[in-house]
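Trainee: Provided herewith is a single structure, encoded as structure tokens, for subsequent inquiry.
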Amino acid sequence: MENFPGEKILISVVTPVYRGEAFVQSAYDCLCRQTYQNWEWVVVDDGSDDGTYEKLEALAMNDPRIRCFQQKNSGSAKQPRDHAVYESQGAFVLPLDIDDLLSDDYLELMLTRQQQTDADIVYPQMLVVDLDSGQTTTTLPVAGFDTTKVYRSRDLVRETAPEWHIGCNGGLYRRSAWINMSWPEKKEPIWMNSDEVDERLYLIHANTAAFSSARYYYQNHEQSITTRITPKVFHTQKTCLQLLDIIEKEFGRNSEEYRRMMRRAFCDWRWKTALFVIHHDELAHADAEIHTNLSTCFRRLDVSVLTLGERLQFLNLVSFPLVLALICLKYKPMLLVEKMIQRLCPKAYANRYIRQRTEQEIIEAIAPCYQEATALPDCQPYVISMFCGNAPSGGLIDRLRGAVSTYQACLQIGRTFKLHFTHPFVLSDYLEPNTYDWTLPSEALSFAPSQSERLIASSVLDTPAERQQHQQQMVQMLNSSRQHQVHAYTNAAFCYDHDFGHSFQSLFKPSARLQTSIDRCKAAIAGDYITVSARFCNCLDDFNEEVYCEPLSAQERSQLLDSCMAQLTIIKEKHPRQRLVICSDSTTFIREAQRHFDIVTTPGTISHIGNDDVHNYEYYEKTFLDFYIIAGASEVYLLKGPHMMKSGFPYAAALVGQKTLHIIDF
């Protein structure tokens, strides 16, 4: 590369990564093999809970070209990628996904082409490779696409509407243009495949774009989000509508580009609707969210751009429920019965379908533990509340109420209760036995089928009838299997009807380490205080819990925050002399409350043990601090606004503190 004209130009290779430990070394090795070596690698770890960041740090210690950063998980690749661009120092940025690879001459060819054409963006040849077979399944740009031309960027938008005929991964961009487009962070929610939207915006705001012969290897594998059927797959509906808005704005509703994009929106909606029907059992927990996505897209479809055959096939698209019924008849007729029950009798639907699916999921998850397990020589017939990571168990309060309910059933019929809580942390690090010893040595736990019975009781509705049903179910089974260990996989809530606070305090007290932190928090509060809890899940786009809700729009978020501040003002006026302690899963809400009030929050990381899989003490301590601070408050409030969740966390804490939870529903 002697006398290469761009030799002094620094290229910033930017990489977002989440749980990418297995790919870190291969990505770094492919950069080290580059024929052009004036590069830096800027990597942002999006809250990985494996060894990704440690591996990056180890590489960075021996190579100053590597700079790595950490941030809280954002749930998308876009935010950490933009963060990496912000931290970069080169004149050009080049995105590289952690699980993809570059040809050895990639940087040289890309920069040479940029120097030849002075293009704002240079795109590579992208090869989609199946990681298991090693076979190339797709090559972009598509055949017939003229890669020798230097394009007006707007013309590429026209040529890629609606199908993305070029490979945007690994493009070479002027850093200044990217920063102007993507930083500060966008305030609108980011959906799956949002890079297609961003790429059109980059092209609209650039002048020229060119193509290089450099080869970018996009590797499909089992961990890729695009190869799994999850609720995120249906986020592409919103991406499709965003693209439709862009094309309408740039080319007009009467343009051929708009008609092609509308046709794509229709085909995407039709395919996703069929996908939802076919895989409904796997997606039932996100039924409402997906249904909303599909119906929102349906309302945007313009029938006038469809062929007569398409109109007839879907009854001119006049009724979403009717079209959905037709698709159900084609792919899964019994789903129609289920949907009718769901609409006409929600309680029967929850008991008949949701409970069965949840409990079947638990049964399938725990089955491997009991296959060919060795019997113990001396197996004690304990009743054991099980939270060891072999089955979905919910959040902290879901687990603790299940344990307390099991304990109360054991007291009722005279059986010995034990608690096996080891995942994602060992409970005894935070809560120790108080007056009742529930500890269980691991060697006393038997998974042998001849020595153990499994009790599955999943709470769905949390009604008085369901609580009574669970209590009767549990007592009956514990009575009928006195010679066996009973492993209780349950979040049953009947303990709330039988002095939960007293039973909880019989079982648990804070560990010495946790008690020290509780005392420190109370000293910082310095006096009487009230607590206000607020569970937003992902409404404010800052807590990745997509099962419950999707992020609201910027306007809806602003309105919700304003309403919350108004309620806090009312609460504070009732308690002018007491400190206000905020307990919430939203950093956005907490920051907004700090702007308006003198508030206190407990230190540490906001987490949810039903979602997270981190294994260190500090990560989860805040959850327990919040619980005991709420229990010690003089008054306990819960805000419940539109889209917010009616959390059981402050309710349980209030019961432990012998308080009444005041729910502010607005």
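The values are calculated or read from the model by the stated rules, or taken from the named source; none is laboratory data. Just so we're clear, the structure is a prediction, and the values are computed from it rather than from any experiment. Here the Cβ is made from the backbone with ideal geometry for all residues, glycine too, and neighbour counts use every protein chain on show. Protein only, heavy atoms only, side chains kept; ligands, DNA and RNA dropped before computing areas. Shrake-Rupley method; radii C 1.70, N 1.55, O 1.52, S 1.80 Å.
Trainee: Could you please find all residues in segment 648-666 being charged (D, E, K, R) and surrounded by fewer than 16 Cβ atoms within 10 Å (Cβ to Cβ)?
Mentor: Within segment 648-666, Asp665 is the sole residue that qualifies.
Trainee: Also, quick follow-up: Are any residues in segment 617-660 more than 13 Å from Ile397 (Cα to Cα) and of a type in the set (A, V, I, L, M), and if so, which ones?
Mentor: Leu625, Ile629, Ile630, Ala631, Ala633, Val636, Leu638, Leu639, Met644, Met645 - these are the residues of segment 617-660 that are more than 13 Å from Ile397 (Cα to Cα) and of a type in the set (A, V, I, L, M).
Trainee: Something else: Is it the case that some residue within segment 252-274 is on the phi > 0 side of the Ramachandran plot, modelled with pLDDT of 90 or more and over 27 Å from the mean Cα position of the chain (by Cα)?
Mentor: Yes; the residues of segment 252-274 include at least one that is on the phi > 0 side of the Ramachandran plot, modelled with pLDDT of 90 or more and over 27 Å from the mean Cα position of the chain (by Cα).
Trainee: Out of everything in segment 562-582 that is among the aliphatic types (A, V, I, L, M) and open to solvent by 20 Å² or more (accessible area, probe 1.4 Å), what residue ends up being nearest to Ala524 (Cα to Cα)?
Mentor: Ile570
So that you can scan it fast, the table gives a plain yes or no per residue for (1) assigned to a loop (DSSP other than H, G, I, E, B); (2) modelled with pLDDT under 95; (3) in contact with a strand residue (DSSP E or B) (Cβ under 8 Å, 6 or more places away or on another chain); (4) closer than 20 Å to Leu396 by Cα:
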| position | (1), (2), (3), (4) |
| --- | --- |
| Ser446 | yes, no, yes, no |
| Val460 | yes, yes, no, yes |
| Gln476 | no, no, no, no |
| Ala492 | yes, no, yes, yes |
| Tyr496 | no, no, no, yes |
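Trainee: Follow-up question, since we're still on this one. Specify which of the listed residues (Arg19, Arg67, Arg81) is under 30 Å from the mean Cα position of the chain (by Cα) and on the phi > 0 side of the Ramachandran plot. Show your work before the answer.
Mentor: Numbers: Arg67 fails: on the phi > 0 side of the Ramachandran plot; Arg81 fails: on the phi > 0 side of the Ramachandran plot.
None of the other options fit; the residue is Arg19.
Trainee: Scan Gln71, Gln25 and give me the residue that is within 23 Å of Val614 (Cα to Cα), surrounded by fewer than 16 Cβ atoms within 10 Å (Cβ to Cβ), in contact with a Pro (Cβ under 8 Å, 6 or more places away or on another chain) and not hydroxyl-bearing (Ser, Thr, Tyr).
Mentor: Criteria check complete, one pass: Gln71.
Trainee: Evaluate segment 461-470: report whether one residue or more is under 15 Å from Phe417 (Cβ atoms), surrounded by fewer than 17 Cβ atoms within 10 Å (Cβ to Cβ) and acidic (Asp, Glu). Before the answer, list the steps.
Mentor: To start, the set of residues in segment 461-470 that are under 15 Å from Phe417 (Cβ atoms) comprises none.
For segment 461-470, residues under 15 Å from Phe417 (Cβ atoms), surrounded by fewer than 17 Cβ atoms within 10 Å (Cβ to Cβ) and acidic (Asp, Glu): absent.
Trainee: Any chance segment 576-585 includes a residue that's in contact with a Phe, Trp or Tyr (Cβ under 8 Å, 6 or more places away or on another chain), among the hydroxyl-bearing types (Ser, Thr, Tyr), free of Cβ contacts under 8 Å to residues at least 60 places away in the same chain and closer than 30 Å to Asn293 by Cα?
Mentor: So far as segment 576-585 goes, yes, one or more of its residues are in contact with a Phe, Trp or Tyr (Cβ under 8 Å, 6 or more places away or on another chain), among the hydroxyl-bearing types (Ser, Thr, Tyr), free of Cβ contacts under 8 Å to residues at least 60 places away in the same chain and closer than 30 Å to Asn293 by Cα.
Trainee: Out of all the residues in segment 649-662, which are more than 20 Å from Pro510 (Cα to Cα) and part of a loop (DSSP other than H, G, I, E, B)?
Mentor: Thr660, the sole residue that qualifies.
Trainee: Let me ask something additional. Based on this model, can you work out whether Tyr407 counts as touching a residue at least 60 places away in the same chain (Cβ under 8 Å) and open to solvent by 20 Å² or more (accessible area, probe 1.4 Å)?
Mentor: Criteria not met by Tyr407.
Trainee: Identify, please: which residue in segment 343-356 is in contact (Cβ under 8 Å) with a residue 24 or more places away in the chain and open to solvent by 50 Å² or more (accessible area, probe 1.4 Å) and is, among those, farthest from Gln485 (Cα to Cα)?
Mentor: Lys347
Trainee: Let me ask something additional. Could you tell me which numbered condition Leu376 fails, if it satisfies all but one of (1) under 24 Å from Ser480 (Cβ atoms); (2) modelled with pLDDT under 95?
Mentor: Failing condition for Leu376: (2).
Trainee: Anything in segment 586-604 that is touching a residue at least 24 places away in the same chain (Cβ under 8 Å) and hydroxyl-bearing (Ser, Thr, Tyr)? List them, or say none.
Mentor: Within segment 586-604, Ser586, Thr587, Thr588, Thr602 meet the criteria.
Trainee: May I ask you to verify whether Leu431 is touching a Pro at 6+ places or on another chain (Cβ under 9 Å), of a type in the set (A, V, I, L, M) and modelled with pLDDT of 95 or more?
Mentor: yes
Trainee: Kindly evaluate Gly414 against the criterion of being modelled with pLDDT under 95 and either within 30 Å of Phe508 (Cα to Cα) or polar (S, T, N, Q) (or both).
Mentor: no
Trainee: Return a yes/no flag: does segment 498-507 have any residue that is aromatic (Phe, Trp, Tyr) and part of a helix (DSSP H, G or I).
Mentor: yes
Trainee: Among what's in segment 158-202 and is among the acidic types (Asp, Glu) and open to solvent by 20 Å² or more (accessible area, probe 1.4 Å), pick the residue that is modelled with the highest pLDDT.
Mentor: In this case the residue turns out to be Glu159.
Trainee: From the list Asp542, Asp585, which residue is at pLDDT 90 or above, acidic (Asp, Glu) and surrounded by 19 or more Cβ atoms within 10 Å (Cβ to Cβ)?
Mentor: Asp585
Trainee: For segment 244-315, which helices (runs of 4 or more DSSP H) that fit wholly inside it have 1 or more residues that are of a type in the set (Lys, Arg) and open to solvent by 30 Å² or more (accessible area, probe 1.4 Å)?
Mentor: Passing ranges, in order: 256-278, 287-300, 308-313.
Trainee: So, one more: Out of contact with any strand residue (DSSP E or B) (no Cβ under 8 Å at 6 or more places or on another chain), under 17 Å from Ala209 (Cα atoms) and small (Gly, Ala, Ser), is that true of Ala119?
Mentor: Here the answer is no, as Ala119 does not meet what is asked.
Trainee: Please enumerate the residues belonging to segment 446-457 that are aliphatic (A, V, I, L, M), closer than 18 Å to Phe417 by Cβ and surrounded by fewer than 21 Cβ atoms within 10 Å (Cβ to Cβ).
Mentor: Ile456
Trainee: A further question follows. With respect to Ala22, is the statement that it is under 12 Å from Asp99 (Cβ atoms), of a type in the set (Gly, Ala, Ser) and modelled with pLDDT of 95 or more true?
Mentor: no
Trainee: Can you tell me which residues in segment 629-647 are buried (at least 22 other Cβ atoms within 10 Å of the Cβ) and either among the hydroxyl-bearing types (Ser, Thr, Tyr) or part of a loop (DSSP other than H, G, I, E, B) (or both)?
Mentor: Our first condition is that a residue be buried (at least 22 other Cβ atoms within 10 Å of the Cβ); within segment 629-647, this holds for 629-631, 633, 636-639, 644, 647.
Within segment 629-647, Ala633, Tyr637, Met644, Ser647 qualify.
Trainee: Please enumerate the residues belonging to segment 483-503 that are in contact (Cβ under 8 Å) with a residue 12 or more places away in the chain, out of contact with any Phe, Trp or Tyr (no Cβ under 9 Å at 6 or more places or on another chain) and under 30 Å from Gln578 (Cβ atoms).
Mentor: Those that are in contact (Cβ under 8 Å) with a residue 12 or more places away in the chain, out of contact with any Phe, Trp or Tyr (no Cβ under 9 Å at 6 or more places or on another chain) and under 30 Å from Gln578 (Cβ atoms): Phe500, Gly501.
Trainee: Restricting attention to segment 287-311, which residues are under 18 Å from Arg343 (Cβ atoms) and among the small types (Gly, Ala, Ser)?
Mentor: Ala288, Ser295
Trainee: Okay, next question. Considering each of Gln125, Gln114 in turn, give the residue that is open to solvent by less than 10 Å² (accessible area, probe 1.4 Å), of a type in the set (S, T, N, Q), out of contact with any helix residue (DSSP H, G or I) (no Cβ under 8 Å at 6 or more places or on another chain) and in contact (Cβ under 8 Å) with a residue 60 or more places away in the chain.
Mentor: Residue meeting the stated conditions: Gln114.
Trainee: Follow-up question, since we're still on this one. I'm trying to understand the selection: among the residues of segment 601-628, which are assigned to a loop (DSSP other than H, G, I, E, B), under 19 Å from the mean Cα position of the chain (by Cα) and among the β-branched types (Val, Ile, Thr)?
Mentor: Within segment 601-628, Thr605, Ile606, Ile609, Val614 qualify.
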